[in-house]
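The values are calculated or read from the model by the stated rules, or taken from the named source; none is laboratory data. From a predicted model like this one, the values you see are computed outputs, not experimental measurements. All Cβ positions, even for glycine, are placed from backbone atoms using ideal geometry, and neighbour counts span all protein chains on display.
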């Protein structure tokens, strides 16, 4: 039954791919329009020479470091803002105004301060990842049943244990939701940052080339539209896998949530 | 006269943060609870009975007056005064075992000791086999038992209970009342019993369980009368007795008019 149900979308997908291939081949504009077998060739070539894996892992590494930085600063600040009301009132206007600036709008500044190296991209990613952590951790820490805090205190818990055993677990589901958004933001802005940092890094012969930089060189040096599509597909697949992993993580870390 | 708990001329006025309006929740309330005594507080809604319990627990400070525990002023929560909440306030991220272990954990027990204590009290309240369930996987009655085990695991000298049976159905409530009496030591040596302050809106429940019932009036909350329930223990055979019925009726007559007014005012 399930196999049968898969038949219709699968069949349609095959037809669409074939139609795409046929349309591009008949147009005679192969340099301008990508086509399926071309994408496939680009995939085998970049997998064989290792450039796809190198660029993907470079971008992922930056995302993970930036994500970790965003979490390291964002979670404590958010919990503090949510749990200690005066801190929240003092800090949230600044946080709210800064977070309405799109992270990629910082790219020129980051390039100015940090140069056209990986650090600028790292800054953008950390910045993008920071705010969802702050906002969600603050909300998770603020929306707490006071009776739970009272219950812990009446059982003998001091301030540290209340924070560790009540405030943090209470905020955890919201923090993990924030982590999912952070990860999506981080992955989205790494590509933008690397695109902006662009080709100069590659001409410098640096090994630190991410997917975005690879796309720039593919566009301007190789002029390979099939390569571009390949990288787009890789970006999409990685986004999907990241979110899948984050949702798994969320479920396994908060088993009390139905 | 020093009891386990002494409330002296307690008043509590809340100031609404939004309107600045002052609400006098309690006015000049004095009472005491003897070391082995079961005292209930009943009254219509809005009489400040939950506020009274929060004051004794140390969650809030009185506007004037003071509460003493063993003769010393209460400045904050203390594990020697265990609290049971109306909504149980179980930690949703901890299993039954984790919840019951929390008190010993907070007081610095070793891993083995807190596990042993938790298992003992889980068994005592009849929750064995459910140790690894989360609160959302339990029925109302089981959550109530879990909250009771959590309270008992700290071996507090005073049990403060804020309408602990309000959220379960009638049959479950009757069963849990008997369980509570058994755990308190209703049929046993009076010297082994703990001091209990039990807030409820159920008059029959208060009469059935208590040595004394403090009847509060409302707006502002103040003591109307303290009724000594002179019924023998164990109480099990007396649940539907004529004597208990007379106490129920007497207390009901004390608060009926205000309870009726409360209904109208709450809906306004």
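If you filter the range B:70-109 down to residues that are out of contact with any helix residue (DSSP H, G or I) (no Cβ under 8 Å at 6 or more places or on another chain), at pLDDT below 90 and more than 8 Å from chain A (Cβ to nearest Cβ), you find that the one that is surrounded by the most Cβ atoms within 10 Å (Cβ to Cβ) is B:70. Would it be correct to say that residue B:29 is assigned to a strand (DSSP E or B), closer than 18 Å to residue B:213 by Cα and either out of contact with any helix residue (DSSP H, G or I) (no Cβ under 7 Å at 6 or more places or on another chain) or away from chain A (no Cβ under 14 Å) (or both)? Answer is yes for this residue. Evaluating residue A:119 against the criteria (1) touching a residue at least 40 places away in the same chain (Cβ under 8 Å); (2) part of a helix (DSSP H, G or I); (3) farther than 30 Å from residue A:145 by Cβ leaves one unmet condition, (1).
Contact annotation: residue pairs with Cβ atoms under 8 Å, 6 or more positions apart or on different chains, pairing a residue in the range B:248-266 that is more than 13 Å from residue B:219 (Cα to Cα) and in the same structural domain as residue B:222 (by TED's automatic domain parsing) with a partner that is part of a helix (DSSP H, G or I) and modelled with pLDDT of 85 or more, are B:248/B:203; B:248/B:204; B:248/B:207; B:251/B:203; B:251/B:206; B:251/B:207; B:252/B:203. Residue B:47 satisfies every condition listed in (1) assigned to a loop (DSSP other than H, G, I, E, B); (2) surrounded by fewer than 24 Cβ atoms within 10 Å (Cβ to Cβ); (3) touching a strand residue (DSSP E or B) at 6+ places or on another chain (Cβ under 9 Å) except (2). Criterion first (closer than 26 Å to residue B:55 by Cα and at pLDDT 90 or above) does residue B:167 satisfy it? The answer is no for residue B:167. Number of residues in the range B:116-141 that are crowded, with 20+ Cβ neighbours inside 10 Å and without any contact (Cβ under 8 Å) to a residue 24 or more places away in the chain equals 0. For residue B:114, the criteria (1) over 20 Å from residue B:38 (Cα atoms); (2) out of contact with any helix residue (DSSP H, G or I) (no Cβ under 6 Å at 6 or more places or on another chain); (3) within 13 Å of chain A (Cβ to nearest Cβ) hold in every case but one, which is (2).
If the condition is being part of a helix (DSSP H, G or I) and either modelled with pLDDT of 90 or more or surrounded by 13 or more Cβ atoms within 10 Å (Cβ to Cβ) (or both), then the range A:27-36 contributes only A:36. Counting only helices (runs of 4 or more DSSP H) that sit wholly inside the range A:183-258, those with at least 1 residues that are under 19 Å from the mean Cα position of the chain (by Cα), at pLDDT 85 or above and farther than 30 Å from residue B:96 by Cβ are A:211-217, A:225-253. Applying the set (1) more than 14 Å from chain B (Cβ to nearest Cβ); (2) touching a residue at least 40 places away in the same chain (Cβ under 8 Å); (3) surrounded by fewer than 16 Cβ atoms within 10 Å (Cβ to Cβ) to residue A:240 leaves exactly one unmet item: (2). The residue list A:53, A:73, A:67, A:13 contains one member that is closer than 30 Å to residue A:141 by Cα and surrounded by fewer than 19 Cβ atoms within 10 Å (Cβ to Cβ), which is A:73. Among the criteria (1) free of Cβ contacts under 8 Å to residues at least 40 places away in the same chain; (2) not assigned by TED's automatic domain parsing to the domain that holds residue B:45, the one residue B:175 does not fulfil is (2).
Do we have residue A:97 as part of a helix (DSSP H, G or I), within 14 Å of chain B (Cβ to nearest Cβ) and either farther than 28 Å from residue A:240 by Cβ or at pLDDT 90 or above (or both) here? Spelling it out, it is not the case that residue A:97 is part of a helix (DSSP H, G or I), within 14 Å of chain B (Cβ to nearest Cβ) and either farther than 28 Å from residue A:240 by Cβ or at pLDDT 90 or above (or both). Of everything listed in (1) within 13 Å of chain A (Cβ to nearest Cβ); (2) assigned to a helix (DSSP H, G or I); (3) surrounded by fewer than 19 Cβ atoms within 10 Å (Cβ to Cβ), the single unmet condition for residue B:174 is (1).
Being surrounded by 23 or more Cβ atoms within 10 Å (Cβ to Cβ) and touching a strand residue (DSSP E or B) at 6+ places or on another chain (Cβ under 7 Å) is the filter; apply it to the range B:160-171 and report the residue that is nearest to residue B:33 (Cα to Cα). If we take residues in the range B:160-171 being surrounded by 23 or more Cβ atoms within 10 Å (Cβ to Cβ) and touching a strand residue (DSSP E or B) at 6+ places or on another chain (Cβ under 7 Å), then B:160 is nearest to residue B:33 (Cα to Cα). I'd like to know if the range B:76-94 contains one or more residues that are farther than 30 Å from residue B:52 by Cβ and either assigned to a loop (DSSP other than H, G, I, E, B) or free of Cβ contacts under 8 Å to residues at least 60 places away in the same chain (or both). Yes, that holds for at least one residue.
Per the listing A:141, A:152, A:160, the residue uniquely within 23 Å of residue A:247 (Cα to Cα) and either more than 14 Å from chain B (Cβ to nearest Cβ) or assigned to a helix (DSSP H, G or I) (or both) is A:141.
Going residue by residue through the range B:212-235, is there one that turns out to be under 15 Å from the mean Cα position of the chain (by Cα), at pLDDT 85 or above and assigned to a helix (DSSP H, G or I)? Within the range B:212-235 (the criterion being under 15 Å from the mean Cα position of the chain (by Cα), at pLDDT 85 or above and assigned to a helix (DSSP H, G or I)), the answer is no, since none of the residues qualifies. Being over 20 Å from residue A:154 (Cβ atoms), at pLDDT below 90 and under 14 Å from the mean Cα position of the chain (by Cα), is that true of even one residue in the range B:43-50? Within the range B:43-50 (the criterion being over 20 Å from residue A:154 (Cβ atoms), at pLDDT below 90 and under 14 Å from the mean Cα position of the chain (by Cα)), the answer is yes, since at least one residue qualifies.
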